[in-house]
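The values are calculated or read from the model by the stated rules, or taken from the named source; none is laboratory data. None of these values were measured; they are calculated from a predicted model. No Cβ is skipped: glycine too gets one built from the backbone with ideal geometry, and neighbour counts run over all protein chains shown. With ligands, DNA and RNA removed, areas are computed over all heavy atoms of the protein, side chains included. Shrake-Rupley method; radii C 1.70, N 1.55, O 1.52, S 1.80 Å.
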Amino acid sequence: MSVCVTLVSARRAVAPACLWTGWSGWRKACAGGFRLVPSRARSGTRPGAAGKLLRDGEDRKAVICVEGNIASGKTTCLEYFSKTSSIEVLTEPISKWRDVRGHNPLALMYQDPLRWGITLQTYVQLTMLDRHLSAVAAPVRMMERSIFSAKYIFVENLFRSGKMPEVDYAVLSEWFDWITANICIPVDLIVYLQTSPQTCHERLKQRCREEEKVIPLEYLESIHQLYEEWLIRRTSWPVPAPVLVIPADHNLQRMLHQYEENRAKILAASCL
Ligand SMILES: Nc1ncnc2c1ncn2[C@@H]1O[C@H](COP(=O)(O)OP(=O)(O)O)[C@@H](O)[C@H]1O
Ligand SMILES: Cc1cn([C@H]2C[C@H](O)[C@@H](COP(=O)(O)O)O2)c(=O)[nH]c1=O
């Protein structure tokens, strides 16, 4: 069976470097498994890492982010690869987004995005950063989405659709810019599960997550367009790693076959 897969070349984002001076909290963080990459570092470390905070040993591990629309099959893909002993899988921290000290910011956002979008997206940004910075236990880490898609896709969608006030967007953007300028967030490969919004709508209805019952097809179409602009047309935001595009409208059996066919390419991220 032949399947169509595209590997799009890298265009690494190099954020401005910053030197850390005299902030005791960060010094403690450096002592606890993080280090500051010297500002003149050129080789032997990750591109764009100079002057940033980096988790120790992180430059020897591969990080692969699985991206795609809501219900495109990301979790199913991660489940498949979790059976490989050299791969550690990190799913999205959605249980946290549904329950932070007894509150459900995901549900609130879907009920009233104008009021609660900033609340959810601030927490998504924090929990995604926490995921990126957690110690890697295996040679290869596959994680669901990234701090980049949370900002470039979901925050952007709320703002562009008039469902996030400009001041909320500005504050979230300031946070995001600070984080990416000062903390090294390594990504070696993006696996983009490319689906039609219609497929996702069908799968979403089948999955039947309570908070998502209000999602119309148009919402998935907007998310799809933003993903295509970012990862395929490359007209919106910097892409932090090479992109492997896997068409993902197929049935489960064919998807698993495609994952197997792409195993070598995916694991090759650890040699980049
Ligand atoms: N290739 C596929 N064909 C049909 N249904 C699928 C396929 N992949 C996943 N699903 C189902 O679609 C729903 C969404 O899949 P999931 O992996 O949770 O997506 P995501 O993590 O991207 O939101 C789930 O009910 C899952 O069982
Ligand atoms: C990253 C991110 C996610 N969400 C929402 C979108 C969906 O309802 C869930 C994630 O579900 P998936 O099946 O894993 O795609 O969370 C959001 O509103 N904002 C975000 O930044």
Quiz item: ILE266 is checked against (1) closer than 18 Å to VAL89 by Cβ; (2) modelled with pLDDT of 95 or more and fails just one. What number does that condition carry?
Solution: (2)
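Go through the stretch 245-267 and report how many residues are more than 16 Å from ligand 1 (Cβ to nearest atom) and either buried (at least 17 other Cβ atoms within 10 Å of the Cβ) or under 15 Å from LEU78 (Cα atoms) (or both).
So the count comes out to 3.
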Practice problem: Tell me which residues, restricted to the stretch 168-191, are farther than 17 Å from ASN157 by Cβ and among the aromatic types (Phe, Trp, Tyr). | Solution: TRP175, TRP178
Quiz item: Going through the stretch 108-167 one residue at a time, which ones are surrounded by fewer than 21 Cβ atoms within 10 Å (Cβ to Cβ), in a helix (DSSP H, G or I), of a type outside the set (Phe, Trp, Tyr) and over 18 Å from the mean Cα position of the chain (by Cα)?
Solution: LEU108, GLN111, PRO113, LEU114, ARG115, THR119, ARG160, GLU166, VAL167
Quiz prompt | Leading residue by the ranking (farthest from ligand 2 (Cβ to nearest atom)) among those in the stretch 81-99 that are open to solvent by less than 50 Å² (accessible area, probe 1.4 Å) and in a helix (DSSP H, G or I) | solution = PHE81
